[in-house]
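The values are calculated or read from the model by the stated rules, or taken from the named source; none is laboratory data. Quantities reported herein were computed from a predicted structural model and do not represent experimental measurements. Using ideal geometry, Cβ is built from the backbone for each residue, glycine included, and neighbour counts are taken over all protein chains shown.
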Amino acid sequence: MSDVNDTNFNSAVFLLTGIPGQEDVHLWISIPFCLMYVISIVGNSIILFIVKTDPSLHEPMYIFLSMLGITDLGLLIATMPTILGIFLFNSREISFDACFAQLFFIQLLQCIESSVLLLMAFDRFIAIRDPLRYTSILTLPRIAKMGLVCVLRGVAIILPLPLLLKRFQYCRANVLSHSYCMQQEVMTMACADITVNNIYGLFITVLTMGLDSVLIFLSYVIILKTVLSIASHKEFLRALNTCVAHLCAVLLFYTPEFSLTLIHRFGKGSSPLLQIVLGYVYILVPPLINPIVYSMKSKHLRSRIIRVLVK
């Protein structure tokens with residue numbers, strides 16, 4: 001492609017790579033990706049359907065789980081068509097506007113998911129710390145307001161990202177090393193000073209995932225102190241068991257996300273393949289594993305799923 005400055009901004013494109021060096025086996029690689037995509041869509045959709053149709057599951061924990069499922073589905077819809085388009089049809093081109101829109105929705109949904117995980121930690125905190133007031137604190141109207149605040153917070157914080165990127169001229173190499181648009185990589189293609197973008201990106205990371213993860217950690221410190229004061233060993237184990245699924249979701253979300261952020265900012269000599277693999281992990285693994293973990297840990301939810309599948 002010729003210099004992007006010589007073309008109209010809106011008609012210029014980025015080229016997505018897929019997995020560099022593995023172009024000959026992209027079709028075979030698409031098979032596990034398709035399976036993961038289908039399983040993730042079906043698993044999250046089943047949970048959403050069951051929670052919606054079963055009044056006995058209209059409880060805070062399952063409503064928060066539904067919020068998590070919606071954000072996971074949104075993340076899959078925002079990324080997987082592009083990824084599978086590369087692997088199946090070698091459809092590598094993506095326009096600037098489409099790329100900016102994609103990275104906006106990826107960042108927005110990641111921000112919302114981080115907020116939902118914080119709300120789920122708050123749910124477990126109230127359930128264990130003050131169980132008698134649990135239903136009076138986490139009422140449905142209050143949960144709806146919490147969800148709205150999560151969305152508005154995400155939009156307010158993430159919206160400047162594509163606007164900051166769109167003001168640039170892009171005259172460097174237009175080949176992105178991933179199968180979807182990532183803000184950290186796109187801004188390096190600009191032929192301009194990206195200091196403001198770097199600072200704002202760091203600000204977003206600290207204000208969202210950084211703050212949320214610290215609050216989740218503090219909530220579990222208090223939860224642990226509370227359960228350690230429980231005299232009954234059985235009650236102690238039961239209280240901890242209610243947190244296992246959420247802890248798994250937190251680790252699945254934050255571990256690859258923080259690893260990818262650290263590599264992009266400080267790991268200049270790291271393996272490009274490691275960055276690509278982590279990019280796929282943080283997009284694909286949480287939506288795939290979360291429904292499985294919650295179904296296994298919640299007997300109530302598991303029994304409803306089995307009943308629906310048997311019917």
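Condition check: exposed (fewer than 13 other Cβ atoms within 10 Å of the Cβ) and small (Gly, Ala, Ser). Does residue 298 satisfy that?
The answer is no for residue 298.
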Being modelled with pLDDT of 90 or more, among the hydroxyl-bearing types (Ser, Thr, Tyr) and within 18 Å of residue 18 (Cα to Cα) is the filter here, so list the residues in region 69-94 that pass it. 79, 82
Extreme residue, nearest to residue 59 (Cα to Cα), among residues of region 133-148 that are assigned to a helix (DSSP H, G or I) and of a type in the set (Ser, Thr, Tyr): 135
Given (1) surrounded by fewer than 14 Cβ atoms within 10 Å (Cβ to Cβ); (2) within 30 Å of residue 49 (Cα to Cα); (3) not hydroxyl-bearing (Ser, Thr, Tyr), where does residue 235 come up short, assuming only one miss? (2)
In region 188-230, anything in contact with a Lys or Arg (Cβ under 7 Å, 6 or more places away or on another chain), part of a helix (DSSP H, G or I) and surrounded by fewer than 16 Cβ atoms within 10 Å (Cβ to Cβ) is listed as 222, 226
Can you tell me how many residues in region 218-229 are more than 14 Å from residue 130 (Cβ to Cβ) and touching a helix residue (DSSP H, G or I) at 6+ places or on another chain (Cβ under 8 Å)? 2
Please tell me if residue 111 is among the hydrophobic types (A, V, I, L, M, F, W, C) and either closer than 25 Å to residue 224 by Cα or crowded, with 19+ Cβ neighbours inside 10 Å (or both). yes
May I ask you to list pairs of residues, at least six apart or on different chains, whose Cβ atoms are under 9 Å apart, with the first in region 169-182 being touching a residue at least 40 places away in the same chain (Cβ under 8 Å) and the second being assigned to a loop (DSSP other than H, G, I, E, B) and of a type in the set (Ser, Thr, Tyr)? 175/17; 176/17; 177/17; 178/17; 179/17
May I ask you to verify whether residue 143 is more than 20 Å from residue 101 (Cα to Cα), in contact with a Pro (Cβ under 9 Å, 6 or more places away or on another chain) and surrounded by 13 or more Cβ atoms within 10 Å (Cβ to Cβ)? yes
Considering only residues that are basic (Lys, Arg) and part of a helix (DSSP H, G or I), look in region 231-273 and name the one that is farthest from the chain's Cα centre (by Cα). 234
Could you list, in sequence order, the residues of region 84-93 that are surrounded by fewer than 22 Cβ atoms within 10 Å (Cβ to Cβ) and in a helix (DSSP H, G or I)? 84, 85, 88, 89
Among all residue pairs at least 6 apart or on different chains, which show Cβ distances below 9 Å where the first residue, located in region 52-75, is crowded, with 18+ Cβ neighbours inside 10 Å and the second is of a type in the set (Ser, Thr, Tyr) and in a loop (DSSP other than H, G, I, E, B)? 60/139; 61/298; 62/298; 65/298
All conditions in (1) crowded, with 19+ Cβ neighbours inside 10 Å; (2) under 14 Å from residue 48 (Cα atoms) are true of residue 275 except (2)
Checking the structure you have, find out if any residue of region 78-95 is free of Cβ contacts under 8 Å to residues at least 60 places away in the same chain and either of a type in the set (D, E, K, R) or under 22 Å from residue 215 (Cβ atoms) (or both). no
At pLDDT below 90 and either more than 22 Å from residue 79 (Cβ to Cβ) or surrounded by fewer than 14 Cβ atoms within 10 Å (Cβ to Cβ) (or both) - does that describe any residue in region 278-293? no
